[in-house]
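Data first, discussion second: the structure below is written as structure tokens.
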Amino acid sequence: MTHYSKQDILELPNLQRMHLINTCGGVKSANLIGTISKTGVTNLAVFNSVIHLGSNPPMLSFMLRPTTVERHSYSNFIEKIDFTVNHIEESFVSEAHQTSAKYDNDISEFKEVGLTEEFIEGFEAPFVKESKIKMGCTFVNEYLIKEHNCRLIVGEIQHLLVENGIQEKDGFLDLAKANSLGIIGLDGYVKTELIDRYAYARPNQDLKPLKR
Ligand SMILES: Cc1cc2nc3c(=O)[nH]c(=O)nc-3n(C[C@H](O)[C@H](O)[C@H](O)COP(=O)(O)O)c2cc1C
């Protein structure tokens with residue numbers, strides 16, 4: 001087994017250190033965040049940091065990189081409040097990855113990469129039509145993480161759209177059925193495969209796999 005001390009990590013070439021540290025935390029979620037500017041230009045960008053915060057009220061969060069360069073998603077949802085979170089699937093993974101390119105703010109990534117905008121009534125931000133699981137959220141708060149100048153963005157889920165055949169009776173979304181992907185680091189995409197689900201774990205009690 002290779003043992004990296006903090007010093008070893010600091011002495012690695014930049015790119016190698018970035019890949020190492022970006023992958024060592026485990027598989028992350030693969031989402032496209034959709035927004036719209038005040039002049040009506042839609043924006044789409046891949047994010048690997050979306051996690052749920054709580055279910056009542058339904059909230060999620062994600063990490064936004066330092067705003068030392070233009071961050072179109074950020075400026076859009078700060079102004080317009082609405083943003084969407086759309087699961088990435090294998091059928092459009094290369095298009096999704098391409099959204100990370102730095103397009104000018106008058107260019108819509110939807111058109112550039114070939115994904116389809118979808119709007120629902122009463123909600124301003126664009127959804128990704130091709131995505132089977134998607135959320136319409138409103139921006140609630142941001143927390144500056146002063147150690148690395150990133151922002152933790154907090155959003156409230158106002159709409160949750162799920163294609164038929166993905167949800168189980170108890171509410172659970174089988175992401176494998178949706179072909180939702182995960183992300184390793186910043187450029188590795190993985191499929192999801194459900195191994196098992198388990199009943200609530202208690203001390204000194206056999207763990208029960210849930211019948212599916
Ligand atoms: C796989 C992957 C995951 C990413 N995850 C994040 C993320 O969680 N937070 C972030 O701020 N940027 C992330 N990025 C970078 C954005 O996608 C990129 O900066 C994009 O250009 C932002 O677009 P915008 O300026 O239109 O908002 C990620 C890029 C890739 C390739």
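Note on the chain: GNM, Cα springs under 10 Å; of 52, 87, 148, the largest mean-square fluctuation is that of 148.
Taking a ≥ b ≥ c as the square roots of the eigenvalues of the Cα gyration tensor, segment 1-135 is classed as prolate, since a/c reaches at least 1.5 and a/b is larger than b/c. Here the Karplus curve 6.51 cos²θ - 1.76 cosθ + 1.60, taken at θ = phi - 60°, turns the phi angles of segment 12-17 into couplings of 5, x, 3, 5, 5, 5 Hz, with x standing for Gly and Pro.
Using the Cα centre of the chain as origin and beta-carbon charges of +1 (Lys, Arg) and -1 (Asp, Glu), tell me which of 114, 85, 201 is placed farthest towards the positive end of the dipole. Sorting the options by dipole projection puts first 201. Structure remark: mean-square fluctuation, Gaussian network model of the chain, C-alpha springs under 10 Å; the largest value among 150, 24, 137 belongs to 24. In summary, the lysines within cross-link reach of residue 177, defined as a Cα separation below 27 angstrom excluding same-chain residues under 8 places away, comprise 28, 129, 132, 134, 169, 191, 208, 211. Only helical runs count toward this figure. For the chain, summing -39,500 (n - 2.57) over DSSP H runs of n ≥ 4 and dividing by all residues gives -4500 deg cm²/dmol at 222 nm. Inter-label distance, residue 119 to residue 16: 5.1 nm, where each label sits 7 Å from its Cα along the C-beta direction. Largest GNM mean-square fluctuation among 153, 33, 133, using the chain with Cα springs under 10 Å: 153. Listing 74, 4 from fewest to most neighbouring C-beta atoms within 10 Å gives 4, 74.
The numbers here are math on the coordinates, done by the rules we state, and not lab data. This structure is a prediction, so every number in the text was calculated from the model and none was measured. Please note: Cβ atoms are built from the backbone with ideal geometry, for glycine as well, and neighbour counts cover all protein chains shown.
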